Amino acid sequence: MTQKEVWALARDGWKGLVLALAVGALAWYFKEWTVAHNTIVIAKYVDHLIIALVLGIIVRAIVGFRPSFVSGFIAAPIIFLPIGILIYGLTDLDFSKLAKIDFAHLALLLIIVVVYLTIIVLLGNLLGLKKQTTYLTATGSSICGAAAMAVTAPAVDAEPEDVSVSLLSVLVAGLVALFFIPLLVKNFNLAANAHALMSGMVLQFTGYVKIATASLGKDLISLASLVKAARYLALLIAIPIFSSKIKGKFNIPWYIYGFVAAGLIASFVHIGSGNFSAWIIAHKGKEMLNFVWAIGLAAIGLNTDIKYIFSINGLKTIVIALAGLIAALLTFFVGNSIIS
């Protein structure tokens, strides 16, 4: 879709654009308020993007929209997701972090990411799922949950239903992982260091890594977060591969260049951490990222038919997300025993 066509959709569907903005803003505010007041337990386990998506799906299921609204719902992700991707590069793509990870742990992390991607893609093909759904589930599981899927969606020409069913399936797998990791740690007598590494290498959402390692102490929490942050770099490999398979020719989406440029800037600034620029990127940039992406995901939800989520394809997507998780956990245990 050309830039001219996108702006035509936005102009004709301005009501839908405004509604997406309102739903996204409501989801963002709800998350911020609940975190600040520590009042609703579910807000601890669900981030802004999932709240925005689900809220959009619910509104769509309740209210019937005219075509003029739908045009705005289509335009909103195309406008807001690339903006979010550039901000994401500034806030999370820090190349300097790779140098801080032990080589053996970095090698195991790479193997786990490859296993995640391979298992999910193979099973997705075997079960006859759409490529877009499979690729979104693969990147969301192996790299960084909702954020990775938001970056991948425009690269693989994903439909709203693809994003919705994939994100909710990865959420289900993430909750399962969050529940089982403490049991695995206890039953296998894992050391605290291995607990932190497993959380950072396997869990799908950054927030879940923080929850899983909350009792380990500052140093191990930092280790888990560092390992999780290194997974973002896999987007630079996964997106060109998946985008090229969808397009039928080698393709690197234009915004990936901006993503890398933003990451290089962030890496340079973070090397001199403690200065005002690093604080702006880490805090204000993150708030802006959450708000912009919430609008995009709300629009995707508003344009999603809820029937698709509860279809057989929705069940299949949960299956491949869980299979990827199991394969990743097994790979970690094997790799960790070798390293130990």
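The values are calculated or read from the model by the stated rules, or taken from the named source; none is laboratory data. Bear in mind the structure is a predicted one, so any value in this text is a computation, not a measurement. Quick reminder, even Gly has a Cβ in these numbers, built from the backbone with ideal geometry, and neighbours come from all protein chains shown.
Points to keep in mind about this one:
- Ile181 modelled with pLDDT of 90 or more and surrounded by fewer than 24 Cβ atoms within 10 Å (Cβ to Cβ): yes
- Per the listing Gly335, Gly296, Gly324, the residue uniquely surrounded by 23 or more Cβ atoms within 10 Å (Cβ to Cβ) and over 15 Å from Thr133 (Cα atoms) is Gly296.
- Within the range 112-149, tally of residues that are farther than 14 Å from Val165 by Cβ, polar (S, T, N, Q) and surrounded by fewer than 23 Cβ atoms within 10 Å (Cβ to Cβ): 2
- Checked against the criterion of being surrounded by 18 or more Cβ atoms within 10 Å (Cβ to Cβ) and in contact with a Pro (Cβ under 9 Å, 6 or more places away or on another chain), the candidates Phe73, Phe69, Phe80 yield just one match: Phe73.
- Residues (part of a helix (DSSP H, G or I) and without any contact (Cβ under 8 Å) to a residue 12 or more places away in the chain) located in the range 290-316: Lys307, Ile312, Leu315
- Filtered residue count, the range 310-336, keeping only those that are polar (S, T, N, Q) and within 18 Å of Gln204 (Cα to Cα): 2
- In the range 247-267, residue nearest to the chain's Cα centre (by Cα) [restricted to those that are surrounded by 16 or more Cβ atoms within 10 Å (Cβ to Cβ) and under 16 Å from Tyr135 (Cβ atoms)]: Ile256
- Criterion violated by Gly314 - all others in (1) modelled with pLDDT under 90; (2) more than 17 Å from the chain's Cα centre (by Cα) satisfied: (1)
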